[in-house]
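Read-outs throughout are calculated quantities, based only on the coordinates presented, and are distinct from any laboratory measurement. It should be emphasised that the depicted structure is a prediction, and the values quoted were computed from it without experimental measurement. Positions of Cβ are generated from backbone atoms using ideal geometry, with glycine treated the same way; all protein chains shown enter the neighbour counts.
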Amino acid sequence: MNTPHLFTPLRIGDLELANRIVIAPMCQYSAVNGCMTDWHVIHLGHLALSGAALLTIEATAVLPEGRITYADVGLWSDETEGAIARTLESVRRWSDMPIAIQLAHAGRKASGEVPWRGGHQLAPTAPNGWQTEAPSAVRFAPDSYVPVALDRAGLRRVRAAFAESAQRAARLELDAVQVHAAHGYLLHEFLSPLSNQRSDEYGGSLENRMRFPLDVFEAVRDAFPEGTVSVRVSGTDWAEGGWEIEQTVAFAQALEARGCTVIHVSSGGLTPAQQIPVGPGYQVPLAREVKRATSLAVVAVGLITDATQAEAVIATGDADLIGLARAILYDPRWPWHAAAELGARVKAPPQYLRSQPRQYRELFDPGE
């Protein structure tokens, strides 16, 4: 039988992927002062045994004030780097799955409470809160706080922080870095005219609004020369007057010209006024448009929950890779079950080989 498209290998530069299933970054809100904890060993180690092709570490702040919440992971100091190193040592002892990290700055959506305590934005003067920064002094929502507009020194500071975090990622021997320019966080805030009301060369026209995110990408690319650098984007704001797919395509083309090789197409997160037509695969058409207009490897994500659905996305050429987030939290063996359903093989640790069901005797590939 032919191998299902979802389980064919893919090479992106020097990055070898065993199949087309990637684990998207998922915030755990379980760090202490930016440092990973034992929870991250359990969480990431668990996912590293799933049979997916790539594991992406959650949105990792490049500065303390760039955290979504006070419990976010960071990569801005020797202490935060050391905590990630200890976690990776444990995970890599039992898994050879390639590992990426998403570098991020939350912008005006920073200084939040953890989701299970309401997720509301904390006041700058509150315990665990701080003053947020953004392209313009425009609050995210009526009940959130007004950010400080970044001046030129602030832009240089943020750009340098992204580059320094990328250098730390290189020291950690991570396989890839993803620059977070989606979901209403800082770089997306520069892209969208709803949040970027600057009158200098970083605001106004599409070219100007793309300028700072492209500067950051180039800084990361230069600081991480031996690995893959990707970008996560929101294909649309789902709001009138906001960022749209045509602008996303232009941004993707500009990224490709600067050495980007992979783009992860999500959507939304910029404004509470968004009207999202949520449904199975609702973001796949956005990925398709970027795929048609570039040579980038495209990751599709968003309510892709079953194997036949994922197989169709890859088989039709709408995207090159499927990103799993909540689906793989709910079912950490999703790749195993997809391989069984589609008649493919998937790598499993030798300790688990005895779990192979009788009807799927060719399911597991124990590797070397």
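Observations, loosely collected:
- The ranking of Y202, Y360 from fewest to most other beta carbons within 10 Å of each one's beta carbon is Y360, Y202.
- Rel. contact order, % - alpha carbon contacts under 8 angstrom, at least six apart, region 19-98: 39
- Spatial separation of Cα centroids for region 146-193 and region 206-273, in angstrom: 12
- Across region 106-257, C-alpha contacts under 8 Å between residues 6 or more apart give a mean separation that, scaled by the residue count, equals a relative contact order of 21 percent.
- Between 0 and 90 degrees, the angle of helix 284-293 with respect to the longest Cα principal axis of the chain falls at about 80 degrees.
- Across region 256-265, computed HN-Hα scalar couplings (Karplus, 6.51 cos²θ - 1.76 cosθ + 1.60, θ = phi - 60°) run 4, 5, 9, x, 5, 10, 9, 9, 9, 9 Hz from first to last residue, x flagging Gly and Pro.
- Spatial extent of region 190-337: Rg and Dmax, with the Cα atoms as the point set, Å: 16.0, 52
- For the chain, the longest principal axis of the alpha carbon atoms and the long axis of helix 206-223 meet at an angle near 60°.
- The phi-based Karplus calculation (6.51 cos²θ - 1.76 cosθ + 1.60; θ = phi - 60°) puts the 3J(HN,Hα) values of region 174-188 at 6, 7, 7, 10, 10, 8, 8, 10, 10, 6, x, 8, 3, 5, 5 Hz, whole numbers, x for Gly and Pro.
- At 1.002 mPa s and 20 °C, Stokes D of region 72-222 from Kirkwood alpha-carbon radius, µm² per second: 129
- Each residue in S355, S267, S77 was given a count of other beta-carbon atoms within 10 angstrom of its own, and listing them fewest first yields S355, S77, S267.
- Projection of the Cα convex hull of region 1-159, averaged over all directions and equal to a quarter of that hull's surface, yields 12.1 nm².
- Phi angles across region 316-328 convert, under the Karplus curve 6.51 cos²θ - 1.76 cosθ + 1.60 with θ = phi - 60°, into 3J(HN,Hα) values of 7, x, 5, 7, 9, 9, 10, x, 10, 10, 4, 4, 8 Hz, Gly and Pro given as x.
- Proxy reagent accessibility, fewest Cβ within 10 Å first, across L321, L122: L122, L321
- As a length-normalised measure over Cα pairs under 8 Å and 6 or more apart, the relative contact order of the chain settles at 15 percent.
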